[in-house]
Amino acid sequence: MQRFALAHTTGTHAQTLVADLLRQLGPQPDATIGFIYASDALAAQLEDILDALRTATGVQHWVGSVGMALSVTGHEYYDSPALAVMLADFPPQLLREVPPLRDNVEDFVGSCHDWLERHDGSVFGVLHGDPGNPATPLLIEQLAERLPRLFAVGGITSSQSENFQVAGGKVVKGGVSGVLFAPEIAVATGHTQGCTPSGPQRRITRSRRNVLVELDDRPALEVLKADIGEVLARDLNRLGGYIFAGLPVRGNDDGDYLVRNLIGIDTTQNLVAIGDYAQEGAQLMFCRRDGNTARIDLLRMLGDLQGRIAAPPRGALYVSCLGRGRHQFGAESQELELIRQELGDVPLLGFFANGEIFANRLYGYTGVLTLFL
């Protein structure tokens, strides 16, 4: 196949959902791997759905996740049971499935040593992580350390029920799972921020674990107030969901940063707690969610990707933060429609995540787009 085969549908019964997908897909005898994303309302039926798809298509390799919302070409699925699949025809020898890694990565890395050696260790990964496992961020870091030529993208499962993922053609949970691609499978990938800095970079001069005590040798809350402006500083209750901490990525010269939540403020001691470890000597800046700048940065990313490809992509994966989509871009699927307007009707699917993976790092409030060339 040249273009990947995409199908998506809504409904509550596994048999009806699968029948509709198969009708849309048509015969795909060359397909070797399927990407699958299901809304969390279908989590209890996911195993039956996957069994039916394996039997009907003959495709045994599947990768994906449940999500609280799904994305497909030009459309976002919210508040209804939805199911989306995309079939591709990669040579099986160029794929390596990642089973759920729950506490360490050593056995997996050892098991694929020969496969990695054949490809000089260069691999691209699509990973999904279970938010219920506190080791998930560490497992992603360990994979990057043990596979130094890995470039991984993906997202953290979002669900109001079970945090199910799909890997190795099975429904799994509890760890980090996905698939690795050999370098012969060409991709182009990028990410877009959903926040913009509200002030300059500051140095963390005193901290206690995740609590900022001093920034630039000044009380942390005093600096926060100065950076966000007088109006917001007068009513700190308005900061939730709007003001965040940005941690610049070390060794990166393009201004990239990781967005972390503000999780507490102590006005008596002028302390600010953030959703990550606050390392003394590191840099930090405060950021705000801004729909206009998010739209501008999305267009920037799309323009950059278009400049890196010579032909329309065969298919695409898009993982966006739950805080984006209709909450930041507005109703009527505006985020996904903007991508469609810029890239055309490329077969695309993905989900809205609890955190996004890009370049082996865990982000928040971003969108991660991967194009298969």
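Rule-based calculations on the coordinates, nothing more; no lab input. Just so you know, these numbers come straight off a predicted model, no measurement behind them. We place every Cβ from the backbone using ideal geometry, glycine too, and count neighbours over all the protein chains shown.
Just grab the label-to-label distance for R118 and Q269, each label 7 Å out from Cα along the Cβ direction, in nm (one decimal).
5.7 nm
Compute the distance in nm between two label points, each set 7 Å from the Cα along the Cα-to-Cβ direction, one at L138 and one at Q60.
3.5 nm
Mind pulling the angle between the C-alpha long axis of helix 14-25 and the longest principal axis of the chain? Nearest 10 degrees, somewhere in 0 to 90.
Approximately 80 degrees, to the nearest ten.
What full-extension length gain, to one decimal in nm, is calculated for Y242 and E47 as 0.36 nm per residue of separation minus the Cα-Cα distance? Mind showing how you got there, number by number?
Numbers: separation 195, 0.36 × 195 = 70.20 nm, distance 3.80 nm.
Stretched out fully, the Y242 to E47 stretch lengthens by 66.4 nm.
Out of the DSSP beta bridges found with both residues in the chain, what percent are antiparallel (nearest 5)? Intermediate values should be presented prior to the final figure.
Working: 79 of 99 bridges.
Antiparallel bridges make up about 80 percent of those DSSP assigns within the chain.
Within the chain, what is the longest stretch that has no GluC sites (Glu not before Pro) placed in a DSSP loop and near at most 13 other beta-carbon atoms within 10 Å?
That gives 1-183 as the longest site-free run.
If you average the sequence gap of Cα pairs under 8 Å that are 6 or more apart and divide by the length of the chain, what percent do you get for the contact order? Walk me through the intermediate numbers first.
On the way: 884 pairs, mean separation 80.4, N = 373.
Computed over the chain, the figure is 22 percent.
How much length is gained on full extension from E222 to I309, taking 0.36 nm per residue of separation minus their Cα-Cα distance? Numbers along the way, then the final one.
Details: separation 87, 0.36 × 87 = 31.32 nm, distance 4.66 nm.
Here the answer is 26.7 nm.
Label-point separation (nm) for T205 and Q334, each offset 7 Å from Cα along Cα-to-Cβ?
Calculated label separation equals 4.1 nm.
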